[in-house]
1. Restricting the count to DSSP beta bridges whose residues both fall in the chain, what percent are antiparallel, rounded to a multiple of 5?
2. Multiply the residue separation of ASP172 and ASP59 by 0.36 nm, subtract the distance between their alpha-carbon atoms, and state the gained length in nm to one decimal.
3. Pop out the Kirkwood hydrodynamic radius of the chain from its pairwise C-alpha distances, inverse of mean 1/r, in Å to one decimal.
4. Go ahead and estimate [θ] at 222 nm for the chain from helices alone: -39,500 (n - 2.57) per DSSP H run with n ≥ 4, summed, over the residue count, rounded to 500.
5. Hey, in the GNM for the chain with a 10 angstrom Cα cutoff, which one of LEU81, LEU109, LEU93 fluctuates hardest?
6. Jot down the radius of gyration and Dmax of segment 1-93, Cα atoms only, both in angstrom.
7. About the Cα centre of the chain, how large is the charge dipole given +1 on each Lys and Arg Cβ and -1 on each Asp and Glu Cβ? Please answer in debye to the nearest 20.
8. Taking neighbour counts of Cβ atoms within 10 Å as a proxy for exposure, in what order, fewest first, do VAL49, VAL64 appear?
Amino acid sequence: MNTIFISGASRGIGLELTKQLLDRGDRIIAGCRNPREAGQLSLLKQAHVNLKVLDLDVDDENSVKNCFNQLNRNEECIDQLFNNAGIIDWRDLHEITPDSFTQVLRTNLRGAFLVMHHCLPCLKRSSNPWIYNMSSRLGSIELRGNTQLGGAIAYQCSKAGLNMLTKQAAIDLTEYGIKVASISPGWVKTEMGGENAKYEVSESVAKIIKVTDQLNPSQNGRFWGEDGAEIPW
């Protein structure tokens, strides 16, 4: 049984990861911005003794610190971190506001860094620690221009930055045995992806889990799709 931390766990991919990983017997620590308003997480908590729900606002460093301070006081070991919390603005270069551009980077990139940084003491207690940064093919500089999806310039930049965070963190954390990978979930029918997306949430998450289960240390510091194929940076 692994202990897995999931950020952004109250809805979408984060919530479905929580469900599927609990169902297979893992222990889940779910971080979300408003636990008292997370009705589906509350129902899961009533049904699963292996679920802990903690307050986590990735935009607020004090919130991130407090979350992991609670875990460190109990000397918690985290085997896997799903750095999942994120937002999107679909507007293009001509339409997006500077404030929105900044907010997307703050949540998707800075927030992921804060969670990773403050989670490290818990990850170091694991014998096989992994960090999975939830990225997107829209963050691939090489693929950009070969997709039908347009706009979302702030989101694309945030995910390209997240991919660099993955690459460099994989190097910086080698001495601790912590592996890091970027994972694209595909185009998913969530509030972010919309109703025309390719995958139902449950289908995407099942694919994500299959991919992460099969990764080995030689695949550290790389970018993987939900189909198991490597994605160019």
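1. DSSP beta bridges in the chain are roughly 5 percent antiparallel.
2. Details: separation 113, 0.36 × 113 = 40.68 nm, distance 2.36 nm.
Difference between extended and current length: 38.3 nm.
3. Every distinct Cα pair counted, the radius reaches 17.6 Å.
4. Calculated from helices alone, the mean residue ellipticity at 222 nm is -12000 deg cm²/dmol.
5. With Cα springs under 10 Å in the chain, the top fluctuation among LEU81, LEU109, LEU93 is at LEU93.
6. 13.4, 47
7. I would put it at about 360 debye.
8. Lowest count first: VAL49, VAL64.
Each reported figure results from applying straightforward, stated rules to the coordinates on display, with no laboratory input. A quick note: this is a predicted structure, and the numbers were derived from the prediction, not measured. For neighbour counting, all protein chains shown are included, and Cβ atoms are generated from backbone atoms with ideal geometry for every residue, glycine included.
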